[in-house]
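Asker: Can you keep this structure in mind? I'll have questions shortly.
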Amino acid sequence: MSMPPPVLRDLLDRYAGVEQKPVRIRPSTWQNALIRVPESLEVTSLLTHRRFTRAVPGSKTHDRTIGRDGVRAACAALNVDDTKEVLRTFVLVMAWGSGLVGGRNQANTAKAVLDPGRAFRVLSDSAKVLRHAAGFHDGALEEVHRWWSLPGVGQSFASKWWAFAGHTAGREWQPLILDSRVYATLNDTLRIGGTTRLAGSRRRADRYRAYVETVHRWALEFQMSGLDIDAERIEFVLFHHNGGAPPSR
């Protein structure tokens, strides 16, 4: 499917002035959830880092906010060969994806990094493969999806890591987030027949690659028609709409 569904253009118009807001987090709850991780790794340190997060004025629980730009900056500064940096940045990504409603995700993050060595290998290797990927069809997206294995971290949050840690500046495409909210809009609002139809395959790795490729193709079609839009913006609109009814014309 190369041409964007007409409903997608309606969604882009509806949310033209809507920007993704920073997410509010509570670092203390993450510190408690990750108490069993070796203290020397300081895995929650970026949650209070002034470069990537902002204090919430007057918050008695010392809440902070994290925006997409902060997560992107942290991942851009990431040394993928440094265990501490990789684990800290992963926790930041998980916190951004969870917000204050993150109890389950905090538990899953703790489960994922309980074996720091294993977590580092999975996180670092996936970032390296995606950063060096040349195109949609070199197999990198499918490869990372197939061998990704972190306890408690499935595609929804894995793809958040891939999208940020696997980003390469200046490349014509980037990995994208594919979570339940994006799925809802693809299936219930756009009614594209699911990622299985996009991929012509039931394999989840193939379906993820097909989703990334399709959204970038849609962005290119919009650009050729004069609309200043990119794949990341489409991803956000799909996420933001969360499977709601199509806009009325």
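Asker: Modelled label-to-label distance, residue 40 and residue 10, 7 Å Cα→beta-carbon offset: nm?
Answerer: Distance between label points: 5.9 nm.
Asker: Quick one: pull the percent of accessible area on the range 6-241 belonging to carbon and sulfur, 1.4 Å probe, ligands and nucleic acids left out.
Answerer: Answer for the range 6-241: carbon and sulfur cover 49 percent of the accessible area.
Asker: Using alpha carbons only, how many angstrom separate the centre of the range 110-127 from the centre of the range 1-77?
Answerer: Rounded to whole Å, the Cα centres lie 20 Å apart.
Asker: Mind telling me which of 143, 232, 172 comes out most flexible in a GNM of the chain, alpha-carbon contacts under 10 Å?
Answerer: 172
Asker: Nearest 500 deg cm²/dmol is fine: what mean residue ellipticity at 222 nm does the chain get from its DSSP H runs of n ≥ 4 alone, each adding -39,500 (n - 2.57), divided by its residue count?
Answerer: -15500 deg cm²/dmol
Asker: Give the residue from 243, 226, 79 lying farthest towards the positive end of the charge dipole for the chain; charges sit on Cβ (+1 for Lys and Arg, -1 for Asp and Glu) and the dipole is referred to the Cα centre.
Answerer: 243
Asker: What does the charge count near residue 124 come to, summing +1 for each Lys or Arg and -1 for each Asp or Glu among other residues with Cβ under 9 Å from its Cβ?
Answerer: Result for the local shell: -1.
Asker: Using alpha-carbon pairs under 8 Å, 6+ residues apart, how would you state the relative contact order of the range 6-241 in percent?
Answerer: Relative contact order here is 17 percent.
Asker: Under 12 Å from the Cβ of residue 38, count the other residues' Cβ atoms, weight Lys and Arg +1, Asp and Glu -1, and hand me the total.
Answerer: -1
Asker: Please enumerate, by chain and number, the aspartates and glutamates with C-alpha under 19 Å from the C-alpha of residue 21, excluding those fewer than 8 residues away in the same chain.
Answerer: Here the aspartates and glutamates satisfying the reach criterion relative to residue 21 are 13, 63, 69, 179, 230, 232, 235.
Asker: Pop the C-beta distance of residue 172 and residue 115 into the FRET formula with R0 = 35 Å and round what comes out to the nearest 0.05.
Answerer: 0.45
Asker: Sticking with this one: How big, on average over all directions, is the shadow cast by the Cα convex hull of the chain, in nm²?
Answerer: Averaged projected area of the chain's Cα convex hull equals 13.7 nm².
Asker: How much length is gained on full extension from residue 48 to residue 230, taking 0.36 nm per residue of separation minus their Cα-Cα distance?
Answerer: Difference between extended and current length: 62.5 nm.
Asker: Could you check which residue among 100, 141, 87 shows the biggest mean-square fluctuation in a GNM of the chain with a 10 Å Cα cutoff?
Answerer: Highest fluctuation of the listed residues: 100.
Asker: Under 17 Å Cα to Cα from residue 111, which aspartates and glutamates show up? Leave out anything in the same chain fewer than 8 places away.
Answerer: 39, 42
Asker: Follow-up question, since we're still on this one. If R₀ is 30 angstrom, what is the calculated FRET efficiency for the pair residue 72 and residue 191, using the beta carbon separation as r and rounding to 0.05?
Answerer: According to the calculation, E is roughly 0.45.
Asker: Evaluate E = 1/(1 + (r/R0)^6) for residue 59 and residue 134, where r is the Cβ-Cβ distance and R0 equals 30 Å; express this FRET efficiency to the nearest 0.05.
Answerer: The pair residue 59/residue 134 has a calculated efficiency of 0.10.
Asker: To make sure I understand the rule: partners must be lysines, Cα under 17 Å from the Cα of residue 128, and not fewer than 8 residues away in the same chain. Which ones qualify?
Answerer: By straight Cα distance, residue 128 reaches 84, 160.
Asker: Averaged per residue, what accessible surface does the chain expose to a 1.4 Å probe, in Å²?
Answerer: Per-residue accessible area for the chain comes out at 48 Å².
Asker: Out of all Cα-Cα pairs in the range 109-190, roughly what percent, to the nearest whole number, are more than 16 Å apart?
Answerer: Taking all Cα-Cα pairs of the range 109-190, the fraction more than 16 Å apart is 54 percent.
The values are calculated or read from the model by the stated rules, or taken from the named source; none is laboratory data. Quick caveat, the model's predicted, so the values are computed rather than measured. Neighbour counts run over all protein chains shown; Cβ positions are idealised from the backbone, glycine included. Areas reflect the complete protein model, heavy atoms only, side chains present, ligands, DNA and RNA absent. Shrake-Rupley method; radii C 1.70, N 1.55, O 1.52, S 1.80 Å.
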